[in-house]
Amino acid sequence: MSQLVISGSGLYAPEETISNEELVLSFNTYVKQFNQQHKAKIDAGELQALEPSSTEFIEKASGVKRRHVINKAGTLGVETMHPVLPERPDSELSIQAELAVKACKKAMHAANKTAVDVDAVILGCSAMQRPYPAIAVEVQSALGIDGFAFDLNVACSSATFAIQTAADCVSRGHARAVLVVDPEICTGHLNFRDRNSHFIFGDACTAVVIENQQYCTADKRFTVLGTKLQTQFSTNIRNNFGFLNRAYQNKINAFEDKLFYQDGRKVFKEVVPLVVKHIAAHLATHCINPEKVKRFWLHQANSNMNRLIATKLLGREPSEAEAPIILDEYANTSSAGSVIAFHEYHQDLKAGDIGVLCSFGAGYSIGSVILQR
């Protein structure tokens, strides 16, 4: 494993952004219309009135200030409140593959690689645009890579699980270099009419190149000291949207109830100790004291959660540099979040410095990668 490196990373985020103020205005307009439309039932106690949202509530609950989105007008439109996109014919590059290709090209450039140097593409994300053919194979074709590709889904941990899978491919000689790409169009599976979650997600795509260091020609590289994966089943974070929805005889839930939902309090309470224990055990396997870790690139779901995890590992409050937060700019981008943190906060690390890339989320799933500059 010590002969493997991450030699380049890339980030693509849609140009359109939505601020908390814009999102709250849209949501509260919907709430007002809903409460007026159903006033009689609400007054009779047959229906519960919806509560408005606020920027203060959002920032306190998550640390999110704005998010990049694939479509702003549809997401903010009170009559739609979801992305509105033209459906592309099968002959055109899919929307998700388009994001992936843009991020991959940036990662390949950083790694000083061309298509002929890469043998595989692993696409990991929480929500695929379609079941098949694999988006990864479409990306492979668009990039002109001669090799193999496949999709992988472990929700918010898809990137780290894909990195370990890529590392295994390289270490076993199946590929010289592997592109791991995470095109997360999270706004597509978010219910923007749910006060508890309407602010959580944004859209972005990250990519990294994993290769054997003997082939690496990049100026900057991070040696992969080790990877560790863990899963524990929980229904506290869930998305029930799928191809069997139309087959259910008893359609109890509305369409929106098939989208993302979570029990945030339980997730916070249960995931924090799991992640702390996971990272500590992983570091101990490599005889590394958490205090020796210069940077924790953690999954970007909640700023309070990240600070608490880092505090428990370090035994003190972390500095902003030790556990960088990118939620204020990008919001939760599922599996791409920890890689965004890595991409934007690694340039200052010196030779020998150690960092931990860690994702966690639905499953529950946890993936960690120990890196050395």
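Cβ-to-Cβ counts within 10 Å put 333, 165 in ascending order as 165, 333, the fewest first.
Could you quote the convex hull projected area for region 283-367, Cα atoms only and averaged over all directions, in nm²?
5.7 nm²
Taking only the alpha carbons of region 222-372, we obtain Rg and Dmax values of 17.2, 60 Å in that order.
Put in line by how crowded their Cβ is, counting other Cβ atoms within 10 Å and starting with the fewest, 216, 104, 186, 287 read 287, 216, 186, 104. Pairwise Cα distances in region 43-157 exceed 17 Å in 70 percent of cases. Charges on Cβ only, +1 for Lys and Arg, -1 for Asp and Glu, centred on the Cα centroid of the chain; of 19, 5, 276, which one is farthest towards the dipole's positive end? So the residue we want is 276.
Cβ under 13 Å from residue 133's Cβ, residue 133 left aside: what net charge do those residues give with Lys, Arg +1 and Asp, Glu -1?
Numbers: positive: 130; negative: 90, 138, 151.
Once positives and negatives cancel, what remains is -2.
Computed over the Cα atoms, what is the radius of gyration of region 139-221 divided by 2.2 N^0.38 Å, N being its residue count?
That ratio works out to 1.36.
Largest GNM mean-square fluctuation among 88, 295, 307, using the chain with Cα springs under 10 Å: 88.
Can you flag which of 266/294; 258/312; 106/258; 113/258; 65/113; 102/292 are past 32 Å Cα-Cα?
Details: 266/294 30 Å; 258/312 35 Å; 106/258 35 Å; 113/258 41 Å; 65/113 35 Å; 102/292 35 Å.
Cα-Cα > 32 Å for 258/312; 106/258; 113/258; 65/113; 102/292; rest within.
Each part gets one Cα centre, and for region 151-201 versus region 12-71 those centres are 27 Å apart. Quarter the surface of the alpha carbon convex hull of the chain and you get the mean projected area, 19.2 square nanometres.
Put in line by how crowded their Cβ is, counting other Cβ atoms within 10 Å and starting with the fewest, 5, 78, 84 read 84, 78, 5. Only Cα pairs within less than 10 Å get springs; with that Gaussian network setup on the chain, which residue of 175, 247, 155 has the largest fluctuation? Its mean-square fluctuation being the largest, the pick is 247.
One Cα centroid belongs to region 296-363, the other to region 207-271; the line between them spans 17 Å.
From the residues 123, 229, 332, which one has its Cα farthest along the dipole of the chain in the positive direction, the dipole being from +1 and -1 charges on Cβ of Lys/Arg and Asp/Glu about the Cα centre? Positive-most Cα among the choices belongs to 229.
Per residue, how big is the convex hull around the C-alpha atoms of region 94-135? Give it to me in cubic angstrom, could you?
Numbers: hull volume 3.4 nm³, N = 42.
In region 94-135, the Cα hull volume divided by residue count equals 82 Å³.
Comparing 63, 242, 363 in a Gaussian network model of the chain where C-alpha atoms under 10 Å apart are linked, the largest mean-square fluctuation is found at 242. Working from the Cα coordinates of region 275-328, the gyration tensor eigenvalues give, after taking √(5λ), semi-axes of 19, 11, 10 Å in decreasing order.
Under a point-charge model restricted to the Cβ atoms of Lys and Arg (+1) and Asp and Glu (-1), what is the dipole moment magnitude of the chain relative to its Cα centre, in debye to the nearest 20?
Details: 37 positive and 39 negative charges, 178 e Å.
Dipole about the Cα centre, nearest 20: 860 debye.
Long hydrophobic helices in the chain, taken as whole DSSP H segments with a C-alpha length of 24 Å or more on their own axis and mean Kyte-Doolittle hydropathy at least -1.0: 20-37, 264-285.
Only the coordinates and a few stated rules stand behind these numbers; no lab work does. Being a predicted model, the structure only gives us computed values, none of them experimental. No Cβ is skipped: glycine too gets one built from the backbone with ideal geometry, and neighbour counts run over all protein chains shown.
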